[in-house]
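Read through the structure below, which is laid out as structure tokens, and then see the notes.
The values are calculated or read from the model by the stated rules, or taken from the named source; none is laboratory data. What you are looking at is a predicted structure, and each value in this text was computed from that prediction instead of being measured. Neighbour counts run over all protein chains shown; Cβ positions are idealised from the backbone, glycine included.
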Amino acid sequence: MINSFFGLEMGRRALDYFRRGMETAGHNISNADVDGYSRQRVEAGTTIPFTDPAFNRPATPGQIGTGVQIEAIRRLRDSFLDAQYREEMSTLGYWEALEEAIGHIELFVNEPAGEGLKVALDEFWAALEELSKRPDNAAAREGVIQSTKNLTVFLDQLSGNYDQYRLSLNQDLGSLVTEVNSLIDQIAALNEKIAQVKAVGGNPNDLLDRRDLLTEKLSELIDISVSTPLQEQDGDFKIDLHGKVLVQGSQTRHLVLVSVPGNEGFYDVQVEDNLFDHVDNTDVLLAVIEQKAPTAVHSVLVERLASETNWKVGSPGSLSNVVSPDQALNLHGDFSLQVSSGGVVKTSHQFSGGVLPSPASDESRDYSFRLAAGGFERVISVNWNDSASKWEIRDNAGNNALSASSTLSLQDLSDFINANYSSYLNASVTSDNRLTIASSDRHLISLVDIKGDLTSQLGISDSAKTVTVSVTEEDSLNAIANKINGAYMTEGGPSSPEEWLRASVEQAPDGTYYLTLESQVMGEAQRINVTGDENGGLYVAHNLGLLNSDGSTNFMTTAEDALISFDGRKYLSSVNRFTEARQITPSDGYAAKNMSEVSSGITLQLAGTGMASVRVEHHVQGGKIYGMLEARDDLILSHLSTFDELAYRLALEMNALHYSGHGMGENADVTGTAFFVPLLRQYGAARSLTVNPLLEQDSSLIAAAADDGEGNSLGSGDGTKALAMARLKQTKVLSGGSADFNEFYLSFIAELGAQGRRTVTMAENQRALTDQINAQRQSVMGVNIDEEMMDIVKFQQAFNAMARYITTIDEMLDTIINRMGIVGR
């Protein structure tokens, strides 16, 4: 039988439910504008009815309801939309970071509407063109100096702004990592509180909202993955970064800023307990790892460092009586110059028989050629021995002559090289009758005919353009230097700085003067080859100190290329810091001429010889932090590389032309003057580009006039060289010979504009996508005040009705208790 007070208990439960419903609606309204808040709903259900089915149950007509009970107060969230929102927030953070970075960069560049580098370049070319029209005008010459200084200052400031912004990004990166670690700690602390509330049967909705909000903020910074307690067997809330757990319950693992020596000490972002060095042996090399570099571990063997020097030839001892650079030398004859080297392997034409048969009476009987590789050099002679009727081979080092047969064969040459130079070279004859000469330590091999044309017949001589210099009795050192310098860009002569050299007259400690030749570009490939006249005579070259008496080159400095093996592939480089190098491969006959990227996104800085490994691994691959890393290491470095390439090539091309021209007035007989301070390497060229201080002091040194071929100027009114320098504006010398200076820079501006449009478009699209997803989320979790007010009214009316019900029950009980049994007394 149901207790008489049953109705009061049912009313109490209902009043509690309606009151809690109104309180929850009020809580929702009060938090309507709170970021991350999820609206809550009281979930109610009927209590257990009276009575349970059994044989001894009271005889009642079926089960009787016992009222309502509160089962839970739940948050209204869509876990799928939450996960999608976090993922898209990481992408949005990435694009917004790039959008901001490119916005700053566009301010630095100030193109195309502003006074940017293009304006400075145009003014520079215009000044040179004006000089070509009025080469003897002092104002025109001063205009060239000032426009050049403006150009160099602008390049320096532009690169400096990039460097400062890169430093700022690195500092901001530290702040973001601190923020990430703070969010990780807060999430872990909330996990602990949430676990405590749940342990006593509570429902920590507000704490869960706070945790979800912090997780969303974290997802904007890094590309995390979130596992909810329902997804984990251990019931922990987990956050991981590509398999590296950052939060598990109350346990945390932070991000760490790791200084990278090869990247100017700038930070890499790694996960605690998973730290690594990009390079395991910094005594051998350093590396700059861009974000685009694919994950890998590379093995590097540095066998040789680059000397980073130019070839230089000359000697102060051969002409010991030259006390003035304008003194007539009383020399008569010719010598030839060539700037070149071959590959690390030289392969001859195919010869089915001998190379040189027995000579007829009118045929050459004496041949000599220079064989060189790295610091090794020998002059080899092949002579016909009349008495023995056979060819003999010997060299200038006194090695025993090798007696060949009456027909000189490839095997004879191979045997001689292997017998005497096995420490430097390996020679062999292939099955198809070709002579191959390989450098043992992968130096570039140079073969130049001194007398006769033996190496040319073999097809293994250096193929660069050769300039013959004729010397007369009246010529001085200055006149000879002018003839050499003036040969640049003449018909049939060398036409690029890599193909030629700079001649100058230097003074020895004893006061005498001597001639020096220096390559314009450093590295083994620019070896200076000095040969004699058409008959092989070396008289003039020897007396000028360019050759020793035995025909060997009188080098003052030599050049050596770096040799590395990267993942088993061998490369040569004339500099120790490089992204691209020349691969040694049989596809081009081991010529090692073509530049190629060693590994995408990796710049190497060689420091010593030995083994090292380069580890490429990116712990953060998305979010705002990744965008900042990419802006700092990929975007800005690529732009700085563009400016360096432009500056380096401008200095190289301008200097090469300026060396070949004459000044005016007292400097009319002066050639070989640099226009810009020479730049040895491309890296850092934009900040180092400087006009030659000598030109600032005396603008008459500007070499506007050309040489007449005899070492004399064409006159102060000649502007041939000034016009040639102005025409560099349309000369395609950049991007592998596909672009001139203005095209190269305009291509950069177009690329920057495309990058800017892409980042703005992607950021806008991503914002629209995240807003759309968030709108869908808000339709589920957002507070609708009208709806909450309706709930309040509903619960209020229900509360009033239930209160009336309780009053009625109370009246019934009052009748039973106080009034029943009074009738009839």
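Can you go through L117, L131, L92, L81 and tell me which one is over 30 Å from I239 (Cβ atoms), in contact with a Lys or Arg (Cβ under 9 Å, 6 or more places away or on another chain) and in contact (Cβ under 8 Å) with a residue 60 or more places away in the chain?
Unique residue meeting the criteria: L131.
Checking the structure you have, find out if any residue of the stretch 33-43 is surrounded by 12 or more Cβ atoms within 10 Å (Cβ to Cβ), at pLDDT 90 or above and under 28 Å from F5 (Cα atoms).
Yes - at least one qualifying residue is present in the stretch 33-43.
In the stretch 391-402, which residues are outside any loop (DSSP other than H, G, I, E, B) and touching a helix residue (DSSP H, G or I) at 6+ places or on another chain (Cβ under 9 Å)?
W391, I393, R394, D395, L402
So how many residues does the stretch 466-487 have that are within 30 Å of Y648 (Cβ to Cβ) and out of contact with any helix residue (DSSP H, G or I) (no Cβ under 6 Å at 6 or more places or on another chain)?
10
Can you tell me which residue among V471, V429 is β-branched (V, I, T) and free of Cβ contacts under 8 Å to residues at least 40 places away in the same chain?
V429
How many of the residues in the stretch 705-763 are closer than 17 Å to A647 by Cβ and of a type in the set (G, A, S)?
3
Name, by its number, the condition in (1) within 24 Å of Q157 (Cα to Cα); (2) among the hydrophobic types (A, V, I, L, M, F, W, C); (3) surrounded by 13 or more Cβ atoms within 10 Å (Cβ to Cβ) that does not hold for A113.
The number of the failed condition is (3).
Being touching a helix residue (DSSP H, G or I) at 6+ places or on another chain (Cβ under 9 Å), among the polar types (S, T, N, Q) and within 23 Å of S613 (Cβ to Cβ) narrows it down to one residue among N274, N263; which is it?
N263
Mind checking which residues of the stretch 553-580 are under 17 Å from L305 (Cβ atoms) and in contact with a Phe, Trp or Tyr (Cβ under 9 Å, 6 or more places away or on another chain)?
Answer for the stretch 553-580, where residues must be under 17 Å from L305 (Cβ atoms) and in contact with a Phe, Trp or Tyr (Cβ under 9 Å, 6 or more places away or on another chain): T557, T558, A559, A562, L563, I564, S565, Y571, V575, R577, F578.
Having 3 or more residues that are within 14 Å of A287 (Cα to Cα) is the bar; report the strands (runs of 3 or more DSSP E) wholly within the stretch 554-637 that clear it.
602-606, 610-616
What single numbered condition from (1) closer than 27 Å to R582 by Cβ; (2) surrounded by 22 or more Cβ atoms within 10 Å (Cβ to Cβ); (3) touching a helix residue (DSSP H, G or I) at 6+ places or on another chain (Cβ under 6 Å); (4) not acidic (D, E) fails to hold for I437?
Exception for I437: condition (3).
With the condition kept exactly as written, say whether any residue in the stretch 105-117 is under 30 Å from F744 (Cβ atoms), in contact with a helix residue (DSSP H, G or I) (Cβ under 6 Å, 6 or more places away or on another chain) and modelled with pLDDT of 95 or more.
The answer is no, given that none of the residues of the stretch 105-117 is under 30 Å from F744 (Cβ atoms), in contact with a helix residue (DSSP H, G or I) (Cβ under 6 Å, 6 or more places away or on another chain) and modelled with pLDDT of 95 or more.
So which residues in the stretch 548-575 are buried (at least 19 other Cβ atoms within 10 Å of the Cβ) and free of Cβ contacts under 8 Å to residues at least 40 places away in the same chain?
If the condition is that a residue be buried (at least 19 other Cβ atoms within 10 Å of the Cβ) and free of Cβ contacts under 8 Å to residues at least 40 places away in the same chain, then Y571 is the only one that fits.
Identify the residue in the stretch 459-509 that is among the hydroxyl-bearing types (S, T, Y) and outside any loop (DSSP other than H, G, I, E, B) and, among all such residues, is nearest to A328 (Cα to Cα).
Here the residue is S470.
Go over the candidates A768, A724 one by one and state the one that is crowded, with 16+ Cβ neighbours inside 10 Å and among the small types (G, A, S).
The match here is A724.
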